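Trainee: Mind having a look at this structure? Questions to follow.
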Amino acid sequence: MSRPIILGIVGDSAAGKTTLTRGIAQVLGPENVTIICTDDYHKYDRKQRAEIGITALHPDCNHLDIMQQHLSLLRTGQPILKPVYSHTTGTFEAPVYVKPNKFVIVEGLLGYSTRAARDCYDVKVYLAPPESIRANWKVKRDTQKRGYTEEQVLAELEKREPDSEQFIRPQRQWSDIVVSFYPPSDDINNTNGHLNVRLVLRPTIPHPDFTKILDFCDNTVSAIRLGLDRDMGKPVDVLEVDGHATLEQVNKLEHLICSDMPYLKNVCNREVNPEIGKVAGTTGETIQSYPLAITQLLTTYHILKATQIYQ
Ligand code: G6P
């Protein structure tokens, strides 16, 4: 059976969804990817939300039923007429005709909030940076790109917190991979832009055999670590990659992920795909982030695994 492969990237506002989505699309080849942002399914525009006193994070503020219908249509390769919400004006624009490419990335706030929606994804990622980092990212994005003042963003974060707690964060439990970028303990304010990543790997999908890491890493002091933990009460594997890992260490890890899927080597080869792992730094320049590169590679691994089954 041939159908599009659907990847979900869910997380709170300014958790890094768009950065990760763009990075993965870059690895897969932008021409092969359709990106859907579920903000387009907001039920009310900015003015109406303020009048009613509801936040964009509340399920009642979104046409989740239509989002769900559209996800099932995309999954079977059918086109949709997608609504469009403009973050610039806070209003809706004319809907657009969208036909799914080989891969569909669905990013947004409430993508895993209903059973029927969850059933549409092949791979589910949840982004969970520490709240202090997310607040910094939100202030930076919303002041630079969406015309808000810092005070407005901080007030909005506070107003939204109850909905974040009740509706956004619980979705973590449905994900196959939880991604948390976080600053190293000796650079808590993240001044040099190099974040570590903690990847929670749930046994809901088969991951590469990371135990081989133990052959080339001293598991307690190395920049790449594998461990066991509990997440939302369930046992999980945890892979951590530090921002200061060396290229040699990262190459070994990449080799391990690619070992049972040679095609992935080409897709994720830095010479073929120099953009892999590139992220916008704090001052606008791009920096090479190995933790981001590994996250992109692992997600791509799972997408291609699904492709082997369904395409
Ligand atoms: C947050 C979310 C967006 C959402 C928006 C609505 O910023 O990250 O995804 O669409 O809230 O609020 P707005 O600022 O557009 O009124």
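Trainee: Find all pairs meeting these conditions: Cβ atoms under 8 angstrom apart; at least six residues apart or on different chains; first residue within segment 119-147 and under 30 Å from residue 310 (Cα atoms); second residue open to solvent by 70 Å² or more (accessible area, probe 1.4 Å) and part of a helix (DSSP H, G or I).
Mentor: Close Cβ pairs satisfying both conditions: 122/310; 124/174; 126/174; 128/169.
Trainee: Is it the case that residue 76 is within 12 Å of the ligand (Cβ to nearest atom), assigned by the TED database to the domain that holds residue 112, exposed (fewer than 13 other Cβ atoms within 10 Å of the Cβ) and over 21 Å from residue 168 (Cβ atoms)?
Mentor: Taking the combined requirement at face value, the residue does not satisfy it.
Trainee: Could you give me the residue pairs with C-beta distances under 7 Å whose first residue belongs to segment 79-105 and is touching a residue at least 24 places away in the same chain (Cβ under 8 Å), whose second residue is open to solvent by 50 Å² or more (accessible area, probe 1.4 Å) and part of a loop (DSSP other than H, G, I, E, B) wherever it lies, and which are 6+ apart or on separate chains?
Mentor: Matching pairs, first to second residue: 87/146; 98/79; 99/79.
Trainee: Examine segment 176-189 for a residue that is under 22 Å from the mean Cα position of the chain (by Cα) and either over 25 Å from residue 288 (Cα atoms) or within 16 Å of the ligand (Cβ to nearest atom) (or both), and state whether such a residue exists.
Mentor: Yes, segment 176-189 contains at least one residue that is under 22 Å from the mean Cα position of the chain (by Cα) and either over 25 Å from residue 288 (Cα atoms) or within 16 Å of the ligand (Cβ to nearest atom) (or both).
Trainee: Go through (1) free of Cβ contacts under 8 Å to residues at least 60 places away in the same chain; (2) farther than 30 Å from residue 170 by Cβ; (3) touching a Gly at 6+ places or on another chain (Cβ under 7 Å) one by one and return the number of the condition residue 287 breaks.
Mentor: Residue 287 satisfies every listed condition except (1).
Trainee: Something else: Go through (1) over 12 Å from residue 15 (Cβ atoms); (2) open to solvent by 50 Å² or more (accessible area, probe 1.4 Å); (3) in contact (Cβ under 8 Å) with a residue 24 or more places away in the chain one by one and return the number of the condition residue 172 breaks.
Mentor: (1)
Trainee: Among (1) within 30 Å of residue 2 (Cα to Cα); (2) in contact with a strand residue (DSSP E or B) (Cβ under 6 Å, 6 or more places away or on another chain), which single condition is residue 72 missing?
Mentor: (2)
Trainee: Moving on to the next point. I'm checking my understanding of the structure. Among residues of segment 179-212 that are at pLDDT below 85 and touching a helix residue (DSSP H, G or I) at 6+ places or on another chain (Cβ under 8 Å), which one is surrounded by the fewest Cβ atoms within 10 Å (Cβ to Cβ)?
Mentor: 190
Trainee: A further question follows. Can you find a residue that is of a type in the set (Asp, Glu), within 23 Å of residue 28 (Cα to Cα), modelled with pLDDT of 95 or more and within 14 Å of the ligand (Cβ to nearest atom) anywhere in segment 104-123?
Mentor: Checked against the condition, which is being of a type in the set (Asp, Glu), within 23 Å of residue 28 (Cα to Cα), modelled with pLDDT of 95 or more and within 14 Å of the ligand (Cβ to nearest atom), segment 104-123 yields at least one hit.
Trainee: Starting from residues that are more than 10 Å from the ligand (Cβ to nearest atom) and outside any helix (DSSP H, G or I), keep the ones in segment 134-155 and report whichever is nearest to residue 88 (Cα to Cα).
Mentor: Looking at the filtered set, the residue picked out is 145.
Trainee: Which ones in segment 204-233 are of a type in the set (D, E, K, R) and either at positive phi or in contact (Cβ under 8 Å) with a residue 40 or more places away in the chain (or both)?
Mentor: The answer is 209, 212, 231.
Trainee: Now a separate question. Inside segment 42-66, can you point out the residues that are near the ligand (Cβ under 10 Å from one of its atoms) and touching a residue at least 12 places away in the same chain (Cβ under 8 Å)?
Mentor: Those that are near the ligand (Cβ under 10 Å from one of its atoms) and touching a residue at least 12 places away in the same chain (Cβ under 8 Å): 42, 44, 45, 46, 47, 49, 55, 56, 57, 61, 62.
Trainee: Continuing with this model, one more query. Go through (1) part of a helix (DSSP H, G or I); (2) open to solvent by less than 10 Å² (accessible area, probe 1.4 Å) and name the single condition residue 249 misses.
Mentor: Exception for residue 249: condition (2).
Trainee: Looking at segment 218-239, is at least one residue of a type in the set (A, V, I, L, M), modelled with pLDDT under 90, out of contact with any helix residue (DSSP H, G or I) (no Cβ under 6 Å at 6 or more places or on another chain) and open to solvent by less than 90 Å² (accessible area, probe 1.4 Å)?
Mentor: no
The values are calculated or read from the model by the stated rules, or taken from the named source; none is laboratory data. All values reported here derive from a predicted model rather than from experimental measurement. With ideal geometry, Cβ positions are generated from the backbone for all residues, glycine too; neighbour counts draw on all protein chains shown. The accessibility values were calculated without ligands, DNA or RNA, using every heavy atom of the protein model including side chains. Shrake-Rupley method; radii C 1.70, N 1.55, O 1.52, S 1.80 Å.
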